[in-house]
Ligand SMILES: C[S@@+](CC[C@H](N)C(=O)[O-])C[C@H]1O[C@@H](n2cnc3c(N)ncnc32)[C@H](O)[C@@H]1O
């Protein structure tokens with residue numbers, strides 16, 4: 001096929017995907033529409049914060065159902081998604097009986113799968129060398145080491161998250177540093193309540209010099225049809241809960257983490273906008289005063 005024709009075909013496919021994506025997301029809530037003001041901000045439903053143009057890295061996948069639904073039902077493409085597992089392929093297939101079929105569909109959508117990727121040492125993964133991502137996602141990080149002592153268990157999970165954050169920092173896109181199109185985000189979704197609140201994720205994030213929290217929102221698994229959360233140890237009949245019962249009862253929350261400079265830029269922009277609004281209201285007020293004066297003059 002001549003080059004121009006192939007380019008046109010790719011463009012048409014992209015446009016189709018974008019159309020499908022927009023149709024679905026507008027049925028729920030469009031990610032790029034400003035939410036209506038509400039008195040209870042915490043309860044607002046946030047639609048999946050992913051776009052077909054995003055380069056996405058998923059780490060710590062369990063049965064790959066999140067990767068599959070993201071590619072198959074949310075973005076209608078997996079071409080920009082790399083989904084990774086900490087386990088070897090053999091162990092993964094043994095742990096999760098639905099992993100292979102999820103992986104097959106994810107790959108059919110164009111996604112790439114990598115095994116034995118340690119989220120705390122992403123720099124050791126040769127396939128990720130020189131790559132940067134708009135979204136790096138770790139859903140429900142957990143070491144799964146089965147440490148009985150609560151303090152040691154918390155510490156082990158804190159170390160996992162801290163090292164993951166430090167490692168992924170080097171794989172984030174940045175407009176300022178690399179002239180990328182977007183500023184990258186790290187998404188960590190966690191259960192809330194005890195013992196998870198003791199992991200103190202906010203403090204962990206703040207302890208890393210270059211990172212800050214952009215926003216947090218409730219994670220609603222129902223927005224990801226087919227996604228089924230799994231424990232690190234796999235699915236055990238009679239022990240593990242079916243569907244997403246386990247996470248639903250723990251009110252999961254997503255933390256969106258960005259480079260500090262992005263937060264600073266946003267703050268400056270917000271202040272500018274606020275000033276613009278002040279200016280606007282000043283202009284409106286002045287116009288009203290002038291109008292009032294004119295009316296007065298007319299009546300005299
Ligand atoms: C509670 S499971 C969640 C699985 C999946 N993300 C989900 O939402 O169903 C925790 C996951 O973290 C992974 N994990 C633990 N330590 C890891 C590490 N150092 N690097 C990458 N993944 C890790 C485990 O293999 C497991 O898949």
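The values are calculated or read from the model by the stated rules, or taken from the named source; none is laboratory data. Model, not experiment: these values are computed from the prediction. Note that each Cβ is placed from the backbone with ideal geometry, even for glycine, and that neighbours are counted across all protein chains shown.
Miscellaneous remarks
- Just so you know, in the range 53-82 the residues that are more than 15 Å from residue 233 (Cα to Cα) and near the ligand (Cβ under 10 Å from one of its atoms) include one that is surrounded by the most Cβ atoms within 10 Å (Cβ to Cβ), and it is 67.
- Selection status of residue 209, surrounded by fewer than 18 Cβ atoms within 10 Å (Cβ to Cβ), away from the ligand (no atom under 16 Å from the Cβ) and in a loop (DSSP other than H, G, I, E, B): yes
- Residues of the range 131-150 that are farther than 24 Å from residue 260 by Cβ and either more than 9 Å from the ligand (Cβ to nearest atom) or assigned to a helix (DSSP H, G or I) (or both): 146, 147, 148, 149, 150.
- Single unsatisfied condition, residue 136 versus (1) without any contact (Cβ under 8 Å) to a residue 60 or more places away in the chain; (2) in contact with a strand residue (DSSP E or B) (Cβ under 6 Å, 6 or more places away or on another chain): (1)
- Residues in the range 109-119 that are more than 18 Å from the chain's Cα centre (by Cα) and in a loop (DSSP other than H, G, I, E, B): 109, 110, 115, 116, 117, 118.
- Residue count for the range 106-124 satisfying the condition of being without any contact (Cβ under 8 Å) to a residue 60 or more places away in the chain and either in contact with a strand residue (DSSP E or B) (Cβ under 7 Å, 6 or more places away or on another chain) or closer than 19 Å to residue 70 by Cβ (or both): 11.
- In the set (1) over 14 Å from residue 57 (Cβ atoms); (2) surrounded by 15 or more Cβ atoms within 10 Å (Cβ to Cβ); (3) within 12 Å of the ligand (Cβ to nearest atom), residue 153 fails one condition alone, (3).
- When the range 205-234 is filtered for residues that are out of contact with any strand residue (DSSP E or B) (no Cβ under 7 Å at 6 or more places or on another chain) and within 23 Å of residue 49 (Cα to Cα), the ones remaining, listed by number, are 206, 220, 221, 222, 223, 224, 225, 226, 227, 228, 229, 230.
- Within the range 114-150, considering residues that are surrounded by fewer than 18 Cβ atoms within 10 Å (Cβ to Cβ) and on the phi > 0 side of the Ramachandran plot, the one modelled with the lowest pLDDT: 146
- Some residue of the range 161-182 being within 23 Å of residue 260 (Cβ to Cβ), within 15 Å of the ligand (Cβ to nearest atom), part of a loop (DSSP other than H, G, I, E, B) and in contact with a helix residue (DSSP H, G or I) (Cβ under 6 Å, 6 or more places away or on another chain): no
- Flag if residue 214 is over 17 Å from the mean Cα position of the chain (by Cα) and not in a loop (DSSP other than H, G, I, E, B): no
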